Amino acid sequence: MATLILKRGAERRIRAGHPWIYRGEVADLKGAWSAGAAVDVTDSTGRFLGRGFYSPRSSLVCRLITRRDEPVDAAFVQRRLEAALQYRRAAGLVGAAYRLCWSEADGLPGLVVDRYGPVSVMQCLTLGMARNAPWVRQALERLFPEGEILRLDDATAARIEGFDPVRETRETELIVDEGSMRFVVPLGAGQKTGLYLDQRDNRLLVGGLAAGRRVLDAFCYSGGFAGHALAGGAAGALLLDSSADALALAGRNLSLNGWAERAILREANAFDVLRELEAHRERFGLVVLDPPPFTRRKDAVEAAARGYKEINIRSLRLLEPGGLLLTFSCSHHVTPALFEDICRQAAGDAGVHPRILATLTQSRDHPVVLAIPESRYLTGLLLQVP
Ligand code: SAH
């Protein structure tokens, strides 16, 4: 096995628990290596730090998969996936749809597995995982002998890592329960692996907040927030998304649950519609802002912050007295503290003085790794204006 030798000092972050190694931190690569295969990682004095898959194309050349001198093989992947399932069973997170494996948080960097009913959707995010996908398949077959496996790699990650993404399709769609709602899961045809599972807990929260309120779900995708709000007794809902496919899916979900008549769907840029609603002095009792990441790069955080600020100013102005704003960022460079600051500035500009009823994050099947701040990527606030 080849050995990746770090520069002096680069081991500090690794020792503190962070598993990522950037190209600039590497002093040398010794021995015969192959792209995507496991390498040993040592500090500059040759002391063993761990083992991970080598990604020569990416600036993130290695993510430690183990800190022990143990084989990384099919049995290893199986043990990690078993542990992931065990945690979720013990925590009561195993339902009709849940995330079984979340990359670093489950000790399998570069692998996501979501479960939808009997179907396991696996997503490879690194070259090493793509190359060793048969180990994952085998482990999933053992864990769920009755189930089906679908591989749906992320095209962006595949481009960065340098592998051909595998995207399998399935003939029939699935329908899964989430609280009192039922959702169509467009396996292979939708965003993410089908549903935004990271927002599950927050969607369920909305069900209990919406009674009697007029709701705006501004970046709705498959309509989960609006659907739960209507199920919770909302007076009506306006759903916006710039994607026609997303809106079609939202429409189907609302019909499936019997709420279509109380909803209006608009294919539009939410920035434009928020401005228009403000100009028309429309009022809502609950606004949900769950936009896509406005930046994936650290050097674009300022521009992203302006975007978040703008939609939050406008949404705060749309609230009736006592109105609620449920607002999120899923850009991992936008920390909870920064996001709160952006919302504070937005409230100042909007001339309102909301209080924070809850600070929110991703669902518990996407656990945050203490040593990896980037793993807390979803941050949100539930605000109420007087
Ligand atoms: N809240 C959803 C997930 C939203 S994902 C859920 O719980 O399932 C973000 C959505 O915003 C995507 O569907 C994307 O199509 C949409 N989107 C991206 N840019 C947009 C824009 N400028 N205006 C409206 N929608 C946008």
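Quick notes on this structure:
- Hits in segment 167-193 (condition: more than 20 Å from the chain's Cα centre (by Cα), at pLDDT 95 or above and aliphatic (A, V, I, L, M)): I175, M181
- E261 falls short of the stated requirement of being modelled with pLDDT of 95 or more, more than 22 Å from the chain's Cα centre (by Cα), within 14 Å of the ligand (Cβ to nearest atom) and surrounded by fewer than 20 Cβ atoms within 10 Å (Cβ to Cβ).
- Segment 322-331 - residue that is of a type outside the set (A, V, I, L, M, F, W, C) and within 16 Å of the ligand (Cβ to nearest atom) and, of those, surrounded by the most Cβ atoms within 10 Å (Cβ to Cβ): S329
- Of the residues making up segment 8-25, those that are open to solvent by 20 Å² or more (accessible area, probe 1.4 Å) and closer than 23 Å to S375 by Cα are E11, R12, R13, R15, A16, G17, W20, Y22, R23, G24, E25.
- Restricting attention to segment 229-257 and to residues that are open to solvent by less than 10 Å² (accessible area, probe 1.4 Å) and under 20 Å from L174 (Cα atoms), the residue that is nearest to the ligand (Cβ to nearest atom) turns out to be A246.
- Scan segment 332-362 for residues that are surrounded by 21 or more Cβ atoms within 10 Å (Cβ to Cβ) and outside any helix (DSSP H, G or I) and the total you get is 3.
- Of residues in segment 195-223 being touching a residue at least 40 places away in the same chain (Cβ under 8 Å), more than 9 Å from the ligand (Cβ to nearest atom) and open to solvent by 10 Å² or more (accessible area, probe 1.4 Å), the one farthest from M122 (Cα to Cα): G212
- Criterion violated by T156 - all others in (1) under 20 Å from I65 (Cα atoms); (2) at pLDDT below 95 satisfied: (1)
- Of all residues making up segment 305-321, the number that are in contact with a Phe, Trp or Tyr (Cβ under 6 Å, 6 or more places away or on another chain) and either crowded, with 23+ Cβ neighbours inside 10 Å or touching a residue at least 60 places away in the same chain (Cβ under 8 Å) (or both): 1
- When L100, L127, L81 are checked against the criterion of being crowded, with 20+ Cβ neighbours inside 10 Å and within 30 Å of K7 (Cα to Cα), L127 stands alone in meeting it.
- D272 vs. criteria free of Cβ contacts under 8 Å to residues at least 12 places away in the same chain and either buried (at least 22 other Cβ atoms within 10 Å of the Cβ) or within 15 Å of the ligand (Cβ to nearest atom) (or both): yes
- Taken over segment 134-171, the residue count meeting the criterion of being in contact with a strand residue (DSSP E or B) (Cβ under 9 Å, 6 or more places away or on another chain), surrounded by 20 or more Cβ atoms within 10 Å (Cβ to Cβ) and under 16 Å from A74 (Cα atoms) is 2.
- Taking segment 285-304 as the range and being open to solvent by less than 10 Å² (accessible area, probe 1.4 Å) and either among the charged types (D, E, K, R) or more than 16 Å from the ligand (Cβ to nearest atom) (or both) as the test, only G285 passes.
- For A347, the conditions (1) touching a Cys at 6+ places or on another chain (Cβ under 8 Å); (2) more than 22 Å from W20 (Cα to Cα); (3) not basic (K, R) all hold with the exception of (1).
The values are calculated or read from the model by the stated rules, or taken from the named source; none is laboratory data. Since we're looking at a predicted model, the values are computed, not measured. Positions of Cβ are backbone-derived with ideal geometry, glycine not excepted, and every protein chain shown enters the neighbour counts. Calculation scope for accessible area: heavy atoms of the full protein, side chains included, ligands and nucleic acids excluded. Shrake-Rupley method; radii C 1.70, N 1.55, O 1.52, S 1.80 Å.
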